[in-house]
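The block underneath contains the structure these notes are about, expressed in structure tokens.
Read the figures in this text as sums done on the coordinates, not as results from a lab. This is a predicted model, so every value here is computed, not measured. Glycine gets a Cβ as well: all are built from the backbone with ideal geometry, and neighbour counts include every protein chain shown.
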Amino acid sequence: MAILQPLIDMAEICYQQGIRHVVISPGSRSAALTLAFARHGGFQTHVSIDERAAGFIALGMAQQIDAPVVLICTSGSAAYNFAPAVSEAFFQQIPLLVLTADRPREWQHQYDGQTIYQTAIFGSHVKRSFEISPDYQHPDVQWAINRITNEAVNLASLAPNGPVHINVPIREPFYPTSGEDLKTSEYIRIIQRQTNEVTWPQGAWEELLDEWENASRILIAGGQGKPDGALSAVLTRIADEWHIPVLGDCISNLTGGGEFVRHHDLFLGKKGAGTLGPDLLITFGMSFLSKEFKLFIRKNPPKRHWHIGEDAFLADPFQSVTREIPGKAAAFFDQLFEKLDYQLFVENADLTHDTSFHASWIENERNTRRKKHEMLQNLSSFNDLTLLDLIFRCVNLPYQLHIANSMSVRYANILATETQWSGVFANRGTSGIDGCVSTAIGAAKVNGKPTLLIVGDVAFLYDRNGLLIDNLPQNLKIVVLNNAGGNIFRMIDGPGSLPELETFFETRHAFSARRTCEDLGIAYFGGSDLSEAEAVVKEFLNFNGIALLEGFTNPVENTNVWKALKQACKTGS
């Protein structure tokens, strides 16, 4: 048996459990892990020299394929650089299997390089953390490594999904000898975990239907979630046939023919909006982008609030939840529709809720959409809003849209509402700017779809190392909104009025993405003139291969236009 045979078998277990993608950051102590996966032959391996970028690339892949992706790094601070992506994956419920090579514990505090405390290094930001023994020759250790690997893969894919960590101390020698063939053991034990389907008992349904019937104003609202055709279809039926408003931010991925409420962030702050408060609020999904919606519900709490999801924690950002309903939203709404429809048929009755409540929401939605279009048509300056509005109108393919945090995701939540995307994604688990570029790169490498990333200059500069991965995806287009700093700090209350704004909050700079593109062979397009923008945008979108469009805008103009848009939608009718 090879000295490191259990690590070779670890790769085979991952393969037989269905894992196909491995993101590797080069290192020495991790050589045995790297070679076990690289020489296996069944994995697509992706090499990223920067562990922080590697973590988000793996996250982007796992986000798309809805299956664990393996992350491998060497010992020491390399493991810590996975932490931002691991925490994002934890709060966004994305499955990762993180394998960190380590030196045996007896070498801690012995001035031995790359030796730190790696046991449970990610703390509470993983579903579980394991550590194997470095003494692989003992039969009990071999059994434990087999069991732990199976358990870790199964746990990562158990709802709610998330990252799982295995720390792997490795003794020398860990490089194979010349001519040594890394072969899997003859007998590999695979442990499958059977999933349980959630069923809601009849007694629970009776209580839910009673609460539904006692509610006059019913509102359904979706948080962050992946595209789900079945969910969108049943919510379209509920909205159209029962006249119940269905609300969703762009990252809720609600699609189809239904008239969903998408511009709530622009109109909920206006005078008289309190009449839109529901008696019964039904939410599903993860985080909500709209701060206005969260504040609105906190100020106008419903009598009843059901939340549907597979969370391990009680999530109550609206401070109003009265009932947790475990399971998938599509299945729940499908059964709700069937049970209510059957009950109405048997009783020969109609729904008794207030349909004018739906009419009020839709009227506000249509009026706000109209005001938005009127203002955008009247803008004559080149700014973030006019550039993005032009790009979204020129998109002629079913792009998958990826959005960085800060202003990019807020712009998209207002402007990207009428374009048919194949999916909208953003790192809203922790909402950091780290990893936005890398996540989109990882997604584009596996999704097989034209992919568009909208990112601010600071977030782009912060995560340029993601572009150093081998074989950049040619189906990726990147739009950089370069306003020479963190423009969001000029737009929010607090820092915008401080004399230290430009130095310590916006962090003004004069950098561009042009030389990054030149270094990496990415087609570069730039613009700062509205009269020439449409031609540049079309050339950029039609380019065959990876390309980047950098729009140079003025932060003061961006701020004025954004605030004017929000103000216009909160006044008048």
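Remarks
- Computed magnitude of the charge dipole of the chain (debye, nearest 20; Cβ of K, R +1, Cβ of D, E -1): 800 debye
- Sequence ranges 458-464, 402-408, 26-32, 542-548, ranked by mean other-Cβ count within 10 angstrom, highest first: 402-408, 458-464, 26-32, 542-548
- Treating r as the C-beta distance of Asn378 and Asn465 and R0 as 41 Å, the FRET efficiency rounds to 0.50.
- Computed FRET value (nearest 0.05) for Thr275 with Phe337, which takes r as the C-beta separation and R₀ as 22 Å: 0.25
- Along the chain, the exposed loop sites are GluC sites (Glu not before Pro) outside DSSP states H, G, I, E and B with at most 16 other Cβ atoms within 10 Å, and the longest stretch free of them is 311-499.
- Between Glu500 and Arg366, residue separation times 0.36 nm minus the direct Cα-Cα distance comes to 44.2 nm.
- Label-to-label distance, nm, for residues given as Leu158 and Glu347 (7 Å Cα→Cβ offset): 4.1 nm
- Inter-label distance, nm, simple model (7 Å from Cα along the C-beta direction), Arg393/Glu151: 5.9 nm
- Structure-derived percent of Cα pairs over 44 Å apart: which label, when the choices are (i) 15; (ii) 37; (iii) 24: (iii)
- When each of Trp361, Trp143 is scored by the number of other beta-carbon atoms lying within 10 Å, the sequence from fewest to most is Trp143, Trp361.
- Each Lys or Arg adds one and each Asp or Glu subtracts one; over the other residues with Cβ under 12 Å from the Cβ of Arg508, this totals -3.
- Here's the picture: charge each Lys and Arg Cβ at +1 and each Asp and Glu Cβ at -1 in the stretch 379-570, and of Asn544, Ile414, Gly486 the one pushed furthest to the positive end of that dipole is Ile414.
- Percentage relative contact order, the chain, counting C-alpha pairs under 8 Å, at least six apart: 13 percent
- Here the stretch 379-570 is treated with +1 on each Lys and Arg Cβ and -1 on each Asp and Glu Cβ, and its dipole about the Cα centre works out to around 480 debye.
- Applying the criteria of a DSSP loop state and at most 13 other Cβ atoms within 10 Å to the chymotrypsin sites (Phe, Trp or Tyr not before Pro) of the stretch 265-358 yields Phe313.
- Separation in nanometres of the label points that stand 7 Å from Cα toward Cβ, at Lys299 and Ser216: 2.2 nm
- Listed by chain and number, the lysines whose alpha-carbon sits under 26 Å from that of Lys303, ignoring those within fewer than 8 places in the same chain, are Lys270, Lys271, Lys291, Lys294, Lys328, Lys339.
- Positive contributions from Lys and Arg (+1) and negative ones from Asp and Glu (-1), summed over other residues with Cβ under 12 Å from the Cβ of Val234, come out at -4.
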